[in-house]
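Engineer: Structure provided below as structure tokens; questions to follow.
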Amino acid sequence: MNVAVYKILGIPNFILLAIAIIVALAFFINRVKHLYFILRIGKEDDRFNDIGARIMFALKRILLQLCVLKDVTAKDLAGLGHAMIFYGFLCFAFSYLFMFGRGFIPGLSFHILGDTFAGYFPLLLDIVALMVITGVVWGLLRRYVVRPSRLESTPEAAIIMGIIASLMVFHFLMEGFEVNIDPHETASMAFIGVAFAGLFNNMGIERTTQEALFIASWWIHCLLVLGFMVLIPYSKHLHLILAPFNLFFKSMEPRGALRPILDMEEAETFGVSNIEEFTWKQLLDLYTCAECGRCEINCPAHLSEKPLSPRHLIHDMKVHLLEKGPHLLGGNNGSESGTDAQAEAAESGYDGPALIGGVVSEDKIWSCVTCGSCMEQCPVCNEHVDKIVDMRRYMVLMESNFPPEIQAVFRNMENNSNPWGIGWATRADWAKDLGIKILSEDSNVDILYWVGCAGSFDERNKKISTALVNIFKKVGVNFGILGAEEKCCGDSARRIGNEYLYQMLATETIEILKGYNVKKIVTQCPHCYNTLKNEYPQFGGDFEVVHSTEFILDLIEKGKLKLSKPIDKTITYHDSCYLGRYNTVYDAPRKILQAIPGVNLVEMERNRAKSICCGAGGGRMWMEEHLGKRINEMRLQDALDINPNLISTACPYCLTMFEDAIKEKDVQETLTGKDIIELTEEAMA
Amino acid sequence: MNSVVCVKQVPDTESVIKIKPDGSGIITDDLKFVMNPYDEYGVEEALKLKEKFGGSATILCMGPSRVVETIRTGLAMGVDKAVQLDDPAFEGGDAFATAKALAEALKGLEYDVIFCGKQAVDDDLSQVGQILAELLGLPHVSLIQKLQVADDKKSAVVDRQVEGGIEVLKVLLPAVLTTQKGLNEPRYASLPGIMKAKKKPLDVKDLAALGLNADSVGCNGSKTMITKYTAPPERAAGKIIEGEGPQETAPKLVQLLREEAKVI
């Protein structure tokens, strides 16, 4: 059957098809151009370093479908469905070259790639089409029958699913007619096509009618594909095009490092209060979001019924960008950037809602615990936390607008270098009688023990500091502390948005550490750990930073530390966000527990990368929790569900949050909280 | 509406205060100095008046070069300019000598209202504001918790808390008002504010600039003098009474309260 020259109303197909393609491309390109120009409003961000690694990362995540398969669980198999549709899409995208091609080139068929290919590929397509239909039906069932909370049942999703299913159906119809009218074109291995062919013959459809129906199916198929193409940039299916780019442009910095404000003395505004003040990559995130909701169902703020949902955050900002963007472009198609664009916005009369307080409520901005679970779970590697921190930076640095209880915390960090505001000179009082070297008196040490504010000032956590010192002494580690010279690392200040205070604390500390020529630092606080390890290099502080659990495990593995006293308890371990997700230290604490005789280690359902924050991250440690349920009690329930005797942590904030929740829920009789360090000390021979 | 806020720099309240071996004063090395918390209410109120009526807010602060940091804190909050009184002759002055110098400096400034903290948290004297008002011949109201300036800026209505209630007074301006917790919530300086503060005018005046002689200020001009500082007696460690249950521990507690603490 020569599709190319088949005439409809006297016009050959190839002309009609060319017109259809040109029209569709015009719509498609116009929209993509529009999106591109809006994207260019965003601020600069260099995401072109290390191109090889970027390509490898993107390819791996996409071709192996790790983006969605990595989090497939028995409860949520959606990733499998996605992979089925994705691979089907790849096969069909290839076959469409031929489908469209034969509209121009008479006699074009799979045979140009060899008879074997022409024989097997249709079989593959049929199998794949079945797979895709299964995936689609599954997707529809989930959206409209099962309705998991993370998915929204929008008409858009139904339309897209409908198109995909129709594409498959028309594939079978085309194949069926073609088997009858042009048997050599399609190999008989396409079992579904053959079945349809038999069906059509049994129905007694005339050959000429079948020819016409074939052409009709081909046309509808082509138009559906073109229509789908046009729809992509108008819908959340934009991720089909943008996910590879978003993965490619993903931050290559350590996840735990927030982007610094570098020109603090010169800049006139700080943080983000207008959508166009985000970087182009942050805007690309908005475009790329497929609204799958994996972020939402793993967000402690959302789960505890606070107003924040990372999915809605991203989606609302996308809608806002598309509304405000055209105003910013003016008549000039986005050739200006930065402050020019803002002035343009004012002139162009955009009168929609403001970003902060309008598009994103202040409560949402303050609800975030910066636990990073949204980023961990996001299949397209969107970076949510930095957007929230950017908005916090504007609120804090420009407007001094933050929860009232935070002002004292800032003052305390400024005046006494710790969030509690206890006199800085008393920082090392906990260690008074322990005979520890203070670097200002004797800096000849192998290891600087960075105690952190909690370990220095909080009564409960001081015991953990003492326990760690006992371990050091037992093994004969030559260590020292900074004593009163130690300051808050600045983690909370930075994550609350007070970059100025953070940089003040960080640069002062880096100077002190360099002054003593410190090489290796051990700390028990994951927040200090992350900040010293991942963020201080931004200001010239390059030190080897080790978490206490890594240090202890190393001692055990080298045979320097023997844990022989049994602890006969059922123990669960809670992953701290800044140790786990941000720094992938998941195994060290578990291995230490397993090295203690008698310990029965049990896992909560949400563990490792899916662990839920204790509620204290992102500076929330210092804020009242007025909205929704208490996150620490929600997390405690995870532990209560598996009934351990002890919940172990490796973070001072987590421990505080758990002990509060244990008291609040009145379960202290059956459950206690302890740091891994304390358990190590207990089990030491 | 122009306000002047008299600000004192004091050691942070969490500081560990050490007394000089001869008892003549405290050791100031290693101390973290901050703006007297009660003065912050004055700064905030001055900024509110400026926002409402226009005009300017000025900080007046006596002290050596270290007080500049405190002055900048106020400027970062939004105060327009500052005058620093810095001269060795001012050192060691009591409330009277200090007020004397401040009053002299105030003669060169425009003001409708002068704010002082109700007291400085280091020496807790609560006198400078009142003496200042006397020296300048101005009315004063102490411990204010609410301030409403009349539209003509000629008078103000102030609330002050008294035992069991609130006293409302009308005071003619200009006046000296000493500020108390509850008046407002002092703002946290914005970063642009901090940056701008570095460039705001700071006028440093010494004894000669004020036209005073050394005998009328500092130690020499004081009516009172500190003869000695002593630290409070060190508190003995707490005692935990050991024993099985209240039947055993309660009698021991009673015995100790009677014989050792001698309170019952």
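The values are calculated or read from the model by the stated rules, or taken from the named source; none is laboratory data. Just so we're clear, the structure is a prediction, and the values are computed from it rather than from any experiment. Cβ coordinates were reconstructed from backbone atoms using ideal geometry, including for glycine residues, and neighbour counts include every protein chain displayed. Remember, those area values only see protein heavy atoms, side chains included, never the ligands or the DNA or RNA. Shrake-Rupley method; radii C 1.70, N 1.55, O 1.52, S 1.80 Å.
Engineer: Mind giving me the FRET efficiency for A:ALA354 and A:ASN30? R0 is 30 Å, r the Cβ-Cβ distance, nearest 0.05 is fine.
Structural biologist: That gives a FRET efficiency of 0.55.
Engineer: If you don't mind, another one. With the dipole of segment A:223-330 worked out from charges on the C-beta (+1 for Lys and Arg, -1 for Asp and Glu) around the Cα centre, which of A:LEU238, A:LEU284, A:PHE270 lies farthest toward the positive end?
Structural biologist: A:LEU238
Engineer: Once you charge only the Cβ atoms, +1 for Lys and Arg and -1 for Asp and Glu, what is the size of the charge dipole of chain A about its Cα centre, to the nearest 20 debye?
Structural biologist: For this selection, approximately 1460 debye.
Engineer: Using Cα-only point scatterers and the Debye equation, what is log10 of I(q)/I(0) for segment A:275-399 at each q in 0.10 Å⁻¹, rounded to two decimals?
Structural biologist: -0.32
Engineer: Right, another one. Length gain on complete extension for the stretch A:LEU627 to A:GLU405, per 0.36 nm per residue less the alpha carbon to alpha carbon distance?
Structural biologist: On the way: separation 222, 0.36 × 222 = 79.92 nm, distance 1.52 nm.
That pair, A:LEU627 and A:GLU405, stretches by 78.4 nm at full extension.
Engineer: Of B:LEU183, B:SER155, B:THR98, which is farthest along the charge dipole of chain B in the positive direction, counting Lys and Arg as +1 and Asp and Glu as -1 at C-beta?
Structural biologist: Projecting each Cα onto the dipole axis, the largest value belongs to B:SER155.
Engineer: Residue by residue through segment B:204-217, what is 3J(HN,Hα) from phi via Karplus (6.51 cos²θ - 1.76 cosθ + 1.60, θ = phi - 60°)? Round to whole Hz and write x for glycine and proline.
Structural biologist: Karplus-based 3J(HN,Hα) across segment B:204-217 equals 9, 10, 9, 3, 4, 4, 7, x, 9, 9, 4, 6, 9, 10 Hz.
Engineer: Assuming R0 = 56 Å, can you tell me the calculated FRET efficiency for the pair A:GLU508 and A:PHE94, based on Cβ-Cβ distance, to the nearest 0.05? Working shown, then result.
Structural biologist: Working: r = 60 Å, r/R0 = 1.07.
Calculated transfer efficiency: 0.40.
Engineer: Quick one: net charge of B:GLN145's neighbours, Cβ under 15 Å, K/R +1, D/E -1?
Structural biologist: That works out to -2.
Engineer: I'd like the Karplus ³J(HN,Hα) series for segment B:115-132: coefficients 6.51, -1.76, 1.60, θ = phi - 60°, whole numbers in Hz, and an x wherever there's a Gly or Pro.
Structural biologist: Using θ = phi - 60°, the values come out as 9, 10, x, 5, 6, 8, 6, 8, 9, 6, 6, 6, 10, 4, x, 5, 5, 4 Hz.
Engineer: Additional query: Test of understanding: express the Cα radius of gyration of segment A:405-557 as a ratio to 2.2 N^0.38 Å, with N the residue count.
Structural biologist: Cα Rg divided by the expected 2.2 N^0.38 Å: 0.98.
Engineer: Expected output is a single nm value to one decimal: the length gained when fully extending between A:ASN2 and A:VAL602, i.e. 0.36 nm times separation in residues minus the C-alpha distance. What is it?
Structural biologist: Length difference between fully extended and current span is 209.3 nm.
Engineer: Could you tell me, in Å, what Rg and Dmax come out for the Cα atoms of chain A?
Structural biologist: 30.2, 101
Engineer: Over all directions, how big on average is the projection of the convex hull of the alpha-carbon atoms in segment A:173-314, in square nanometres?
Structural biologist: Averaged projected hull area, Cα only: 15.1 nm².
Engineer: I've got another one for you. Given points 7 Å out from each Cα along the Cα-Cβ axis, report the B:TYR229 to A:LEU124 separation in nanometres with one decimal.
Structural biologist: It is 8.6 nm.
Engineer: Across every pair of different alpha-carbon atoms, what Kirkwood hydrodynamic radius in Å does chain B reach? The partial results should precede the final answer.
Structural biologist: On the way: mean 1/r = 0.0488 Å⁻¹.
So the Kirkwood estimate lands at 20.5 Å.
Engineer: With all protein chains present, calculate the accessible area of A:TYR350 using a 1.4 Å probe and round the result to the nearest 10 Å².
Structural biologist: Roll a 1.4 Å probe over it and A:TYR350 shows about 50 Å².
Engineer: Suppose only helical runs count, i.e. DSSP H with n ≥ 4. What mean residue ellipticity at 222 nm does that imply for chain B under -39500 (n - 2.57) per run, divided by all residues and rounded to the nearest 500 deg cm²/dmol? Before the final figure, lay out the partial values.
Structural biologist: Numbers: 7 runs with 75 residues, N = 264.
It lands at -8500 deg cm²/dmol.
Engineer: Here is a follow-up. Once amide H atoms are placed 1.01 Å from N in the peptide plane, what residues at a sequence separation of 5 or more from B:GLN145, or on another chain, have their amide H within under 5 Å of its amide H?
Structural biologist: When sequence neighbours closer than 5 places are left aside, the close amide H contacts are B:ASP159, B:ARG160, B:GLN161.
Engineer: Something else: Calculate, axis by axis, the spread of Cα positions in segment A:69-111 along the three principal axes, and write the results as whole Å, longest axis first.
Structural biologist: That works out to 50, 16, 12 Å along the principal axes.
Engineer: Assign unit charges at the C-beta atoms only (+1 for Lys and Arg, -1 for Asp and Glu), then state the dipole size of chain B relative to its Cα centre in Debye, rounded to the nearest 20. All intermediate terms of the calculation are to be shown ahead of the outcome.
Structural biologist: Numbers: 32 positive and 38 negative charges, 122 e Å.
In debye, rounded to 20, chain B gives about 580.
Engineer: Residues of B:183-195, mean number of Cβ from any other protein chain within 10 Å of their own Cβ, rounded to a whole number?
Structural biologist: If you average over the peptide's residues, the count of other-chain Cβ atoms is 5.
Engineer: Take A:ILE241 and A:GLU441, extend 7 Å from each Cα along the Cα→Cβ direction, and tell me the distance between the two endpoints in nm.
Structural biologist: 6.8 nm
Engineer: Also: Would you give the gap between the C-alpha center of segment A:665-685 and the C-alpha center of segment A:57-131, rounded to a whole Å?
Structural biologist: Taking the Cα centre of each part, segment A:665-685 and segment A:57-131 sit 53 Å apart.
Engineer: Let me ask something else. Membrane-span-like helices in chain A: DSSP H runs reaching 20 Å or more (Cα, own axis), mean Kyte hydropathy at least 1.6?
Structural biologist: In chain A, the long hydrophobic H runs are A:13-39, A:115-141.
Engineer: Additional query: To the nearest 10 degrees, how steeply does helix B:245-259 sit against the main Cα axis of chain B, on a 0 to 90 scale?
Structural biologist: 70 degrees
Engineer: To the nearest 100 Å², how much accessible surface do chains B and A hide from each other in total, with a 1.4 Å probe?
Structural biologist: Summing both chains' loss of accessible area gives about 1600 Å².
Engineer: Return the whole-Å distance between the Cα centroid of segment A:498-516 and the Cα centroid of segment A:208-278.
Structural biologist: Using only Cα atoms, the two centres lie 39 Å from each other.
Engineer: Let me ask you something else. Please find the FRET efficiency linking A:ASP666 to B:ASP22, where r is the Cβ-Cβ separation and R0 is fixed at 45 Å, and quote it to the nearest 0.05. Walk me through the intermediate numbers first.
Structural biologist: Numbers: r = 56 Å, r/R0 = 1.25.
For R0 = 45 Å, the calculated efficiency reads 0.20.
Engineer: Quick check: Cα centre of segment A:349-424 to Cα centre of segment A:582-629, how many Å?
Structural biologist: Using only Cα atoms to place each centre, the spacing works out to 23 Å.
Engineer: Note down the Stokes-Einstein diffusion coefficient of segment A:27-115 in µm²/s, whole number, using a Kirkwood radius over alpha carbon pairs, 4 °C, and 1.567 mPa s.
Structural biologist: 75 µm²/s
Engineer: Non-local amide H neighbours of B:VAL5 (under 5 Å, H modeled in plane, Pro and chain starts lacking H): which ones?
Structural biologist: Amide H to amide H, under 5 Å and 5 or more residues apart or across chains, B:VAL5 pairs with B:THR58, B:ILE59, B:LEU60, B:PHE115.
Engineer: Of the listed pairs A:LYS387/B:LYS48; B:LYS20/B:LYS223; A:LYS75/A:LYS610, which have alpha-carbon separations greater than 21 Å here?
Structural biologist: The answer is A:LYS387/B:LYS48; B:LYS20/B:LYS223.
Engineer: Determine the calculated [θ] at 222 nm for chain A from helices alone, applying -39500 (n - 2.57) to every DSSP H run no shorter than 4 residues and normalising by the residue count; nearest 500 deg cm²/dmol.
Structural biologist: After summing the helix terms and dividing by residue count, I get -16000 deg cm²/dmol.
Engineer: Excluding A:PHE191 itself, calculate the net charge of residues whose Cβ lies under 15 Å from the Cβ of A:PHE191, where each Lys or Arg counts +1 and each Asp or Glu counts -1.
Structural biologist: For residues surrounding A:PHE191, the net value is -3.
Engineer: Scan around A:ILE438 for amide H atoms under 5 Å from its own, H built in the peptide plane at 1.01 Å from N, and keep only partners 5 or more places away or cross-chain.
Structural biologist: For A:ILE438, the qualifying residues are A:ILE481.
Engineer: OK, next. For segment A:570-683, state what percent of all Cα-Cα pairs lands in each successive 5 Å bin, counting from 0 Å until the bin that includes the largest distance.
Structural biologist: 2, 12, 24, 26, 20, 11, 3, 1, 0
Engineer: A further question on this structure: Between A:ASP76 and A:LYS558, what is the label-point separation in nm under the 7 Å Cα-to-beta-carbon projection?
Structural biologist: 4.1 nm
Engineer: How much length is gained on full extension from A:ARG259 to A:LYS60, taking 0.36 nm per residue of separation minus their Cα-Cα distance?
Structural biologist: Numbers: separation 199, 0.36 × 199 = 71.64 nm, distance 2.60 nm.
My answer for the length gained is 69.0 nm.
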